[in-house]
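Colleague: Encoded as structure tokens, here's the structure I'll be asking about.
Every number here is computed from the coordinates shown, using simple stated rules; none is lab data. Remember, predicted model here, so these are calculated numbers, not experimental data. We place every Cβ from the backbone using ideal geometry, glycine too, and count neighbours over all the protein chains shown.
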Amino acid sequence: MKQVTIEKQDHFGRGIAHLDQKIMFVERALPKETCQIEIVQSKKNYQLAQIVKLETSSIERCESICPYYSKCGGCELLHQTYSGQLRFKNQKIEEILTKYAQIDPKVIQPILASNPIRYRNKVTLHIEKDKIGYYEAKSHRLIEVSDCLLLDAQLVEVMQLLQEFIKDHHELKSAMIKVGRKTKEVMLAVTGKTNRDHLKQFFQNKVTTLLYNHKILFGRPYITSQVFNQTFEITEESFFQVNNDMIERLYQVVIELVQSLRSQEVLDLYCGTGTIGLLVSPFVQKVIGVEIVQEAVASAKRNKKRNHISNVSFIEGQVEKSLSILTKQIDTVIVDPPRSGLDSFTVQKLLEVRPQNVIYVSCDPMTLARDLNKLQKEYDVNLVRPVDMFPNTHHVESIVLLSCKSSDSVINGKWNLEKTIEKCR
Ligand SMILES: C[S@@+](CC[C@H](N)C(=O)[O-])C[C@H]1O[C@@H](n2cnc3c(N)ncnc32)[C@H](O)[C@@H]1O
């Protein structure tokens, strides 16, 4: 057995040490800890290891509150206090953005903290015969789970009901449960084989919407969620931010930026069910949203009606193929892409048309850094606000404000910008 001292955490939260001139990643080890390790994989340039015995432990170490933590692949940071997780995430954002995009660390704000448990409004579960749960880390082995501390209590109730149901119905394969923010509406969508009448009877009056192999058994084809004073529908397939506790804080930052920048004509790219565009619409003249998922666009259109909004329109399609709408009239482009970030065509178009402001909402700091690196040819990065949308995991969301260097209204922009930055502190 070998002993190492952990220098820091890598971007996945693992401890980094050096042994025999090779970098080593130690699962669940924290900075400054000394531990006896066992090497589980040895590659040419690095080694993977796990702790066998902890010799000295970090002040950030805590007892995991989850009985499934040693096996489950869902959370990586449950052995770290929440304040330690926030320190790690602030450091991770700063390291990635300064190293890969040369961002001035002064523009990076401290992360907005969440409630670390019971924040998730959606869960996807695997079912094998009479067992339900998550897959073990990096495998397809099922671990039976009867509670998960990340989940809203209503999701856990439905999960436990499903556990009852599958005792006598062994052919279901998967389940997705979603709960509406503030509305408490619940959607259960199961796949596999079962007796649909039994399923219907069992969940009648227990969930709001029931889907079986993507077909409605009862309820509307969506549930609703409330964000500020607006109501949004969420369907089986459409995206909705998963952290009920932080949705408003995330969008509040975007709304404040739009207001302070005095944006008038806004593009909301990767708009999902229209949340950001509809929420900023009272403060601007016009918004156009673009989204690839047909069902999400249909929801966005209904959300517009439901919230009595008239200055927003939606286009169904790929952002990269819809960029003819990015004209000189647009002063603010909001992008909220998936983890893969922006494609090169979209970056190129932004650099050509140079809208005054780009607000980039990112769920992956690495692809964010890649894109900022390119966008900085024409833009200054003036503000980065990380938001902890995913406590207990290594993931972190950020909102970035970019201002065009050569925009006609740059003076106006700079003047507004100071107020904006003040507001977001
Ligand atoms: C991170 S979500 C953001 C959704 C929305 N802004 C929100 O806050 O609810 C990213 C969205 O981009 C959509 N999407 C992914 N690739 C796309 C593309 N190439 N063109 C348009 N939309 C895309 C996804 O369907 C998803 O709804």
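Colleague: Taking the alpha-carbon distance from K44 and a cut-off under 14 Å, which aspartates and glutamates remain once sequence neighbours fewer than 8 residues away in the same chain are dropped?
Modeller: Output for K44: D20.
Colleague: Suppose we take every Cα in the range 122-225 and form the convex hull; what volume per residue is that in Å³?
Modeller: Dividing the Cα hull volume of the range 122-225 by its residues yields 94 Å³.
Colleague: How big is D, in µm² s⁻¹, for the range 173-283 by Stokes-Einstein at 20 °C and 1.002 mPa s if Rh is the Kirkwood radius over C-alpha pairs?
Modeller: Estimated via Stokes-Einstein, D reaches 137 µm²/s.
Colleague: To check you understand DSSP bridge types, tell me what percent of the beta bridges within the chain (both residues inside) are antiparallel, rounded to 5.
Modeller: Taking every DSSP beta bridge within the chain, about 65 percent pair in antiparallel fashion.
Colleague: Which of the aspartates and glutamates could be linked to K423 by a straight reach, that is with a Cα gap under 15 Å, when you skip same-chain ones fewer than 8 residues away?
Modeller: Within reach: E256.
Colleague: As a footprinting exposure proxy, order Y135, Y46 by other Cβ within 10 Å, with the fewest listed first.
Modeller: Listed from fewest to most nearby Cβ atoms, that is Y46, Y135.
Colleague: What's the Cα-based Rg to Rh of the range 1-61, Rh via Kirkwood?
Modeller: My calculation of the ratio gives 0.93.
Colleague: Of the trypsin sites (Lys or Arg not before Pro) in the range 331-408, which ones lie in a loop per DSSP and count no more than 16 other C-beta atoms within 10 Å?
Modeller: Passing sites in the range 331-408 are R339, K377, K405.
Colleague: Then there is this: In whole angstrom, and with the biggest value first, how far do the Cα coordinates of the chain range along each principal axis?
Modeller: The principal-axis extents, from largest down, are 63, 62, 34 Å.
Colleague: Another question about this same structure. Can you pick out the pairs among K304/K377; K129/K215; K43/K377; K32/K89; K182/K301; K131/K178 whose Cα atoms lie more than 26 Å from each other?
Modeller: Numbers: K304/K377 36 Å; K129/K215 22 Å; K43/K377 38 Å; K32/K89 17 Å; K182/K301 21 Å; K131/K178 20 Å.
Pairs exceeding the cut-off: K304/K377; K43/K377.
Colleague: So which lysines can K419 reach, going by Cα to Cα under 21 Å and dropping same-chain residues fewer than 8 places off?
Modeller: Within reach: K106, K405.
Colleague: Additional query: Can you give the three extents of the C-alpha atoms in the range 257-414 along their principal axes, from longest to shortest, in whole Å?
Modeller: 42, 39, 29
Colleague: Could you work out [θ]222 nm for the chain from helices alone, using -39500 (n - 2.57) per DSSP H run of at least four and dividing by all its residues? Round to the nearest 500 deg cm²/dmol.
Modeller: -8000 deg cm²/dmol
Colleague: Within a 10 angstrom radius of the beta carbon, how do L267, L211, L161 rank from fewest other beta carbons to most?
Modeller: L161, L211, L267
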